[in-house]
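Each remark here refers to the structure printed beneath this line.
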Amino acid sequence: MSDIDVVLRRLDETSDACLERLFAFLRIPSISAQPAHAMDCQAAAEWLSADLTSMGFATEICPTGGHPVVLARRDGPAGAPHVLFYGHYDVQPVDPLALWDSPPFEPILKKRPDGSEEIVARGAADDKGQVMTFVEACRALIDVTGGLPVGVTFVIEGEEESGGEHLPGFLASRKDDLKADIALICDTGMPGPGRPAITAMLRGLCGEEVTIHASSCDLHSGMFGNAARNPIEVLCHALASLRDRDTGRITLPGFYDGVPDLPDTLRAQWKEIGLDDAAILGPFGLSEPGGEKGYTALEQIWARPTCEINGITGGYAGDGFKTVLPAKASAKVSFRLVGTQDPEKIRAEFRARIQAFLPSDCRAEFVAHGGSCASVVPDTLPALQLALGALKDEWGVEAVVTGCGGSIPVVGDMQTILGLQSLLIGFGLDDDRIHSPNEKYDLSSFKKGARSWVRVLQVLGHVTSEGLTETGKKA
Ligand code: BES
Ligand code: ZN
């Protein structure tokens, strides 16, 4: 039996212990957006750091202006490449709590009608379960072979779900400690069960929160309605102007600057993946893509930019009815970006649009919530080709190169601050309900994910540093 088979068998034989460790991690309610959970974020960092220390990593919990970063390092054999593994231990808020079938921080294994099982908890897929696929792969490699085939540095942050404000500064300040040949990220998904993928295109993000103020206090809507400005109405009117009803296009001036046409070759490749509109929208009770006309749902999600209203608040939305004319109304709006679209230019255009819709007696206030550019990993990258092969060995089918509608701003930071390309390999599925009630991670994603990482690390260990990243050179 080859070394790798022994390592894989070790993972299979210890799968209960692997799951128990993941459950312990999932029990920590590390919600980064909510100040009340700051100590839980610290606890999650400590839990992970203790686990990595027990595996022989030199580990540090690095304070930032916000939640800490777990930094851990273990060298590989002399001359072998070094990889930087990025993930996040923070999770999204759980609301609406009433829609969870089991408590979000009491992980359970749930059997489905077909006999397969899923891990249900907040963070199961995004991103604790995915982080632990990599940790367990490292543990099995170290236990069986006494070491890792490549050097590994972990950077596991605690602010990814709430803006990631402090990570770029951390990367810049620890640049020397973060030297590596390539970054590996496990925070993405697969196009379907049993269909491994590497994500090569991620959308950028520009987040904005706008509040429109009118009267100095809430007013009786009978006594003042008609005469007093209604900020909800002003807000809705301005927001509704952002998308053209006929073409589905976003109407901000210059919005499509830097948006590349979708090459026919890519369009054809994506068609092969077989995710048609019905497959993407059907499971959620939808049928027709709502974005730009002329693009499939997959193309709209992976390759086209958008503007989405994520939440609106204002006035009385509680039980019963209250006749009130609110003093203010606000909305949280996100723009997903592709190509070279500039988040700051789009932010400025958005603000100008809102201002243009303000009548007398109204004023707008804005809060920026992050801005990151889209990123593309060249599919000629030798490490990507090697990893595709390793994934095929594990899953028995060809791995595909996909896009992704979500955003992982650190990919851009890895490139600009550390000069690193990223390989995005993840095992999530579209029905994982990330950011939603009843988030889950398939048990098979967890188990085969860990096995996949063993194979990926093994193949990366067979080449030199240059062989991983020098495009045009045979690995
Ligand atoms: N893991 C997700 C990104 C993702 C989503 C990958 C869907 C694959 C499929 C990540 O944790 C995330 O949710 N990112 C945020 C951005 C962040 C700046 C708030 C996102 O995409 O909304
Ligand atoms: Zn994530």
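No lab work stands behind these numbers, since they all come straight from the coordinates. Note that the coordinates shown come from a computational prediction; the quantities given were computed from them, not determined experimentally. Counting neighbours? That spans all protein chains shown, and the Cβs are built from the backbone with ideal geometry, glycine included.
So which strands (runs of 3 or more DSSP E) are wholly in the stretch 1-109 and hold at least 2 residues that are β-branched (Val, Ile, Thr) and in contact (Cβ under 8 Å) with a residue 60 or more places away in the chain?
The qualifying strands (runs of 3 or more DSSP E) are 69-74.
Going by the structure shown, is Leu443 under 15 Å from the mean Cα position of the chain (by Cα) and touching a residue at least 12 places away in the same chain (Cβ under 8 Å)?
Working: under 15 Å from the mean Cα position of the chain (by Cα): no; touching a residue at least 12 places away in the same chain (Cβ under 8 Å): yes.
No; evaluated as a whole, the condition is false for this residue.
Please determine, by comparing only the residues of the stretch 113-140 that are within 16 Å of ligand 1 (Cβ to nearest atom) and within 30 Å of Gly79 (Cα to Cα), which one is surrounded by the fewest Cβ atoms within 10 Å (Cβ to Cβ).
The residue in question is Val131.
Hey, among the residues in the stretch 402-455 that are surrounded by 21 or more Cβ atoms within 10 Å (Cβ to Cβ) and of a type in the set (Ser, Thr, Tyr), which one's farthest from ligand 2 (Cβ to nearest atom)?
The selected residue is Ser452.
I'd like to know if the stretch 167-182 contains one or more residues that are of a type in the set (Ser, Thr, Tyr), more than 16 Å from ligand 1 (Cβ to nearest atom) and assigned to a helix (DSSP H, G or I).
Filtering the stretch 167-182 down to residues of a type in the set (Ser, Thr, Tyr) leaves 173.
Imposing the further condition that a residue be more than 16 Å from ligand 1 (Cβ to nearest atom) reduces the set to 173.
Add one more test, that the residue is assigned to a helix (DSSP H, G or I), and what stays is 173.
The answer is yes; a qualifying residue exists.
Step by step: first the residues of the stretch 427-445, then only those that are assigned to a loop (DSSP other than H, G, I, E, B) and not charged (D, E, K, R), then the one that is nearest to Pro107 (Cα to Cα). Which residue is that?
Asn438
Regarding Phe350, is this residue within 18 Å of Ile312 (Cα to Cα), in contact with a helix residue (DSSP H, G or I) (Cβ under 7 Å, 6 or more places away or on another chain) and surrounded by 18 or more Cβ atoms within 10 Å (Cβ to Cβ)?
In short, no.
Counting just the residues of the stretch 141-164 that are surrounded by fewer than 23 Cβ atoms within 10 Å (Cβ to Cβ) and in a strand (DSSP E or B), which one comes out nearest to ligand 1 (Cβ to nearest atom)?
Among them, the one singled out is Thr153.
So Ile119 clears everything in (1) outside any loop (DSSP other than H, G, I, E, B); (2) under 24 Å from Val410 (Cβ atoms); (3) out of contact with any Cys (no Cβ under 7 Å at 6 or more places or on another chain); (4) within 16 Å of ligand 2 (Cβ to nearest atom) except one condition, right? Which one?
(2)
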